Amino acid sequence: MSSKMFDKTVDALGSSIDFRLLRNNVISGNVANAETPGYKAKKIDFEEALSRAIDISGLNRLSTDHGDHFPVGPGAISRVRADVYDNPDVNVSNDGNTVDLEREMANLAENTILYKAAIQLINKKMAALKYVAAEGGR
Amino acid sequence: MDFSKAMRVSSSGLAAQRMRMNSISSNIANINTTRSPEGGPYRRKDVVFEAIPDSKNFGDVLTTVPDQSIQRVQVTDVEVDRGAPLLKYEPDHPDANADGYVAYPNINLMEEMANMIQATRAYEANISSMQATKDMALSALELGQ
Amino acid sequence: MDGLTISNSQRLLESGQTTSQIRSEQMKADGNDSKDQLNFADTLKQAIQEVNDLQKVADIKMQQLATGENKNIPDVMISAEKADIALKLMVQVRNKIIEAYQEIMKMQV
């Protein structure tokens, strides 16, 4: 019953919070190593995988026989894994470092804002549920 | 989820930039120093940064790949400049050699100033990064409020 | 004087009726609708449907925010708030209905 009460929106928001925290860690690593020679800037992707899991997790008919296939079915959202890799789209400076400090700062700001927005939306949804549970009894 | 990892990484960045500032200040202060403990004029010092994986203990090595790719920065070496010193003709100077030349450190003030600005900027970027992490952690406390 | 608009002219051509004939037919049809709308159960169903629709729209926008597709935060917040208010209103209406029902039940016949 609880899986119907807390719908996949709350799951999706919760997952996005986890991933955005991971992104924050990656950006911190890039910023700390902004002057390290030979350091390649890292990037993390989760948007597509999460979007696929949200769209597909309603379809109970799909099944996979290998763990590497896209996560499907109920609970797909919690099985999404993020992808961390070297950012290929960068300018290399003469000591081999590829960190673009301004872009990292911009990403950091956007990430923080979307993280806080997700938290607020989860709060809103929970408050609505609590309201219905409390007021309905009168 | 782990906020402390991001904090550790950012603080390593701050420490590295601070050490760089130390060496830059030392270079600027000693720009005209003709005597040093190892003999000869002061030699320019520079820090060497290296990215190392951030793990507190062996257990961390077994964590998922995303966590392992996050590296913090460490100052592994202080490089001493081995280049030739600047020679100036001052026969009356106590450190003048037989030809009347005094060996001064080969330090370019403009270069050191530029490095200082860069180090400051990187330091501030790390501070912003740490603030953002702290911000996220504090707003997570509001979940359910 | 009835104007000849694009929609009118199409119907005139197809049915061969004058505009005033078409208008009186329309009024009769509307009259039937308004009789239906006085039906309480239908009004309630409509209201619940609206609340559900608002919730669905807000849900979709929130999912898009989670995946980063929709970065328009004011839009998402407003949709979420609209859905919230609609829900709260409906809960209060439900309470009032139950109250009214209980009042009626208390009446001595």
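What is the extension gain from B:Arg18 to B:Asn97, computed as 0.36 nm multiplied by their sequence separation minus the C-alpha to C-alpha distance, in nm to one decimal?
Working: separation 79, 0.36 × 79 = 28.44 nm, distance 3.69 nm.
Answer, rounded to one decimal: 24.7 nm.
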Pseudo-spin-label distance B:Thr76 to B:Ala29, built 7 Å along Cα→Cβ, given in nm, is 2.8
Simple spin-label estimate for C:Thr43/C:Asn70, 7 Å along Cα→Cβ, in nm, reads 3.1
Against the 2.2 N^0.38 Å rule of thumb, the C-alpha Rg of the stretch C:39-106 sits at a ratio of 1.47
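Give the calculated FRET efficiency between B:Leu141 and C:Gln92 to the nearest 0.05, with a Förster radius of 25 Å applied to their Cβ-Cβ distance. Mind dumping the intermediate values first?
On the way: r = 32 Å, r/R0 = 1.27.
It comes out at approximately 0.20.
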Over all pairs of different Cα atoms in the stretch B:3-140, the reciprocal of the mean inverse distance gives a Kirkwood radius in Å of 17.8
Taking the alpha-carbon centre of each part, the distance from the stretch A:85-138 to the stretch C:89-109 in Å is 45
One finds, for B:Glu111 and B:Ile52 with R0 = 30 angstrom and r their Cβ-Cβ distance, a FRET efficiency to the nearest 0.05 of 0.60
Expected integer from the mean partner chain Cβ neighbour count at 10 Å over A:109-118 is 5
Contact order relative to length for chain B, counting C-alpha pairs under 8 Å separated by 6 or more residues, stands in percent at 32
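Bear in mind these aren't lab numbers, they're just calculated from the coordinates by the rules spelled out. The structure presented is a predicted model; accordingly, all values stated were derived computationally and were not measured. Backbone-built Cβ (ideal geometry, glycine too); neighbour counts: all protein chains shown.
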